[in-house]
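> This is the structure, below, for whatever I ask next.
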Amino acid sequence: MNDELAAKRLAELGNVTRLAIFRLLVQAGNNGLPVGYIQKTLAVPGSTLSHHISRLVSADLVQQRRDGRVLHCTARLDELQELVEFLLAECCSISH
């Protein structure tokens with residue numbers, strides 16, 4: 001991971017609504033959640049939700065899949081792990 005990608009992912013998670021969406025998806029695990037469920041749970045208007053999910057998808061933090069007429073979203077946990085590891089990689093190398 002490079003600085004640019006890390007900054008993009010952190011910026012997208014830096015929005016309260018996107019963070020709430022992502023946290024909900026992390027809790028759901030590998031099965032993800034239908035967009036309609038996310039909308040009802042977080043009480044976010046459809047067009048607003050679509051915008052926020054699109055931003056998370058563009059940062060590779062969320063993936064979408066269609067099951068008939070239902071659109072499911074899933075948190076990309078490997079990318080989250082990569083971001084956390086990037087942030088912690090040099091945590092102990094600074095001399096005091």
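Read the figures in this text as sums done on the coordinates, not as results from a lab. From a predicted model like this one, the values you see are computed outputs, not experimental measurements. Cβ coordinates were reconstructed from backbone atoms using ideal geometry, including for glycine residues, and neighbour counts include every protein chain displayed.
> With everything on Cα atoms, drop me the angle between helix 77-88 and the longest principal axis of the chain, reported from 0 to 90° to the nearest 10.
Approximately 30 degrees, to the nearest 10.
> Around Ile38, with a cut-off of 12 angstrom between Cβ atoms, what is the net charge of the other residues, counting Lys and Arg +1 and Asp and Glu -1?
Local charge sum for Ile38: +3.
> What is the chain's relative contact order, in percent, from Cα pairs under 8 angstrom and six or more apart in sequence?
Here the relative contact order equals 32 percent.
> State the Kirkwood hydrodynamic radius of the stretch 3-87 in Å, one decimal place, computed from all pairs of distinct Cα atoms.
It works out to 12.9 Å.
> Between Glu82 and Asn15, 0.36 nm times their residue separation minus their Cα-Cα distance comes to what?
Here the answer is 22.1 nm.
> Tell me, what HN-Hα J-couplings in whole Hz come from the Karplus equation 6.51 cos²θ - 1.76 cosθ + 1.60 at θ = phi - 60° for each residue of the stretch 52-57, using x for Gly and Pro?
Working through the residues one at a time gives 5, 5, 4, 5, 5, 5 Hz.
> Let me ask something else. Beta carbons within 10 angstrom, averaged per residue: use that to sort the peptides 22-33, 79-90, highest first.
With the highest mean Cβ count within 10 Å placed first, the list reads 22-33, 79-90.
> So, one more: Give me the angle, in degrees from 0 to 90, between the Cα long axis of helix 16-28 and the longest principal axis of the Cα atoms of the chain, rounded to the nearest 10.
In the chain, helix 16-28 runs at an angle near 80 degrees to the longest axis.
> Going by average Cβ density within 10 Å per residue, which order do the peptides 8-14, 58-64 take, highest to lowest?
Sorting 8-14, 58-64 by mean packing, highest first, produces 58-64, 8-14.
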